[in-house]
1. Considering only the stretch 226-243, state which residues are within 8 Å of the ligand (Cβ to nearest atom) and either surrounded by fewer than 15 Cβ atoms within 10 Å (Cβ to Cβ) or hydroxyl-bearing (Ser, Thr, Tyr) (or both).
2. Right, Glu24: in contact with a Lys or Arg (Cβ under 9 Å, 6 or more places away or on another chain) and either among the polar types (S, T, N, Q) or at pLDDT 95 or above (or both) or not?
3. Just checking, does the stretch 165-179 include any residue being surrounded by 12 or more Cβ atoms within 10 Å (Cβ to Cβ), within 16 Å of the ligand (Cβ to nearest atom) and over 38 Å from the mean Cα position of the chain (by Cα)?
4. Answer yes if at least one residue in the stretch 68-78 is touching a residue at least 60 places away in the same chain (Cβ under 8 Å), surrounded by 12 or more Cβ atoms within 10 Å (Cβ to Cβ) and basic (Lys, Arg), and no otherwise.
5. Of the residues that make up the stretch 214-222, is at least one within 24 Å of Ile18 (Cβ to Cβ), within 12 Å of the ligand (Cβ to nearest atom) and not aromatic (Phe, Trp, Tyr)?
6. With Lys123, Lys85, Lys136 as the choices, which residue is of a type outside the set (Ser, Thr, Tyr), free of Cβ contacts under 8 Å to residues at least 24 places away in the same chain and under 25 Å from Arg41 (Cβ atoms)?
7. Kindly indicate whether Gln154 is part of a helix (DSSP H, G or I), exposed (fewer than 13 other Cβ atoms within 10 Å of the Cβ) and touching a residue at least 12 places away in the same chain (Cβ under 8 Å).
8. Given the residues Leu34, Leu11, Leu65, which is the only one that is surrounded by 13 or more Cβ atoms within 10 Å (Cβ to Cβ) and either of a type in the set (Phe, Trp, Tyr) or assigned to a helix (DSSP H, G or I) (or both)?
Amino acid sequence: MLDVIKRLLILQKRDQKIIQVKAELDNLGPQRQLLRAKTARAQSDLEAARSKFQQLETERKNAELEVDGKKQFIAKYSLQQFQTKKNEEYRALAHEIELCQNAISKLEDRQLELMEQQDVVQKEVAQTARTAAGMKKEVETQLAHLDERETELQKMLGDLNTGREQLAEVVENSTRTRYERLLKHKGEKVIVGIDHGVCGGCHMTLPPQVLVTCQGDQEIMSCPNCGRILYYSPEMDLAPNSQ
Ligand SMILES: [Zn+2]
C-alpha cells in the first residue's frame with residue numbers, strides 16, 4: 001500500500017471520529033427538547049385536572065349560594081303568611097314556599113353529585129401530581145446526564161482536533177487538498193477499498209485498468225464514478241461477485 005494512502009487512512013479515521021462526536025453533540029439539543037416536552041406535558045395534565053376540580057368546586061359553591069337564596073325567600077314568604085289575613089294570598093305563599101323547597105331539594109342532590117365527582121377528580125389530581133413529580137425528577141436526571149455527556153464530548157472533540165493537523169500535515173499537499181475537498185462533499189467515507197471489483201463508496205463496478213493500477217501501488221487512483229480515492233490491500237478480493 002502506498003505510504004500516502006496509509007497516512008490518509010489514519011487521517012480519515014480521525015476525521016470519522018470527529019464527525020461522530022460532532023453528530024452526537026448536535027443531537028444533544030433535540031434530546032433536551034424532547035425531555036423538556038415530556039415534563040411540560042405531565043405538568044399540563046396536572047393543570048387540566050386541577051382546573052376540572054376547580055370548576056366542580058365553583059359549581060358546588062354556586063348551588064350552595066342558590067340554596068341560601070331560596071331559604072331567604074322561604075323566610076320572607078313565611079313572614080308574609082304570618083302577616084296576611086287573606087286565605088288566597090296565604091295559599092299562594094304556601095305554593096311559593098313549596099316551589100322553593102323543591103328547588104332546594106334538587107340543589108342539594110346536585111351538591112352531593114358534585115361532591116362525588118370532586119372525590120374522583122381529587123384522586124386524579126393526586127395521581128397526575130405524582131406522575132408530574134416523577135417525570136420532573138427523571139427528566140432532571142437525564143438532563144444532568146446529557147450535560148455530563150456534553151462536557152465529555154467537548155473534551156473528546158478538543159483532543160481529536162489537537163493533533164489532527166499533524167496527521168494532515170504528513171500528507172503531501174495536492175493529495176491533502178483532494179482529500180479535504182472529498183471530505184467536504186462526500187462525508188466521512190473518502191478513502192475506500194475495492195470490494196469484489198466495485199468501489200467501496202458508490203458500489204459501481206470499476207474498469208479493469210483501474211483495478212490493475214490500484215494493485216500496482218504506484219499512483220493514487222480515483223473511482224471514475226464518484227471520485228473517491230481507491231486503495232487496495234492484499235486481503236481484498238478483486239474478482240467480481242459471481243452471480
Ligand atoms: Zn465510487
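1. Residues satisfying the conditions do not exist here.
2. yes
3. Taking every residue of the stretch 165-179 in turn, at least one turns out to be surrounded by 12 or more Cβ atoms within 10 Å (Cβ to Cβ), within 16 Å of the ligand (Cβ to nearest atom) and over 38 Å from the mean Cα position of the chain (by Cα).
4. no
5. So far as the stretch 214-222 goes, yes, one or more of its residues are within 24 Å of Ile18 (Cβ to Cβ), within 12 Å of the ligand (Cβ to nearest atom) and not aromatic (Phe, Trp, Tyr).
6. None of the other options fit; the residue is Lys123.
7. Yes: the conditions hold for Gln154.
8. After ruling out the rest, the residue left standing is Leu11.
The values are calculated or read from the model by the stated rules, or taken from the named source; none is laboratory data. None of these values were measured; they are calculated from a predicted model. Neighbour counts run over all protein chains shown; Cβ positions are idealised from the backbone, glycine included.
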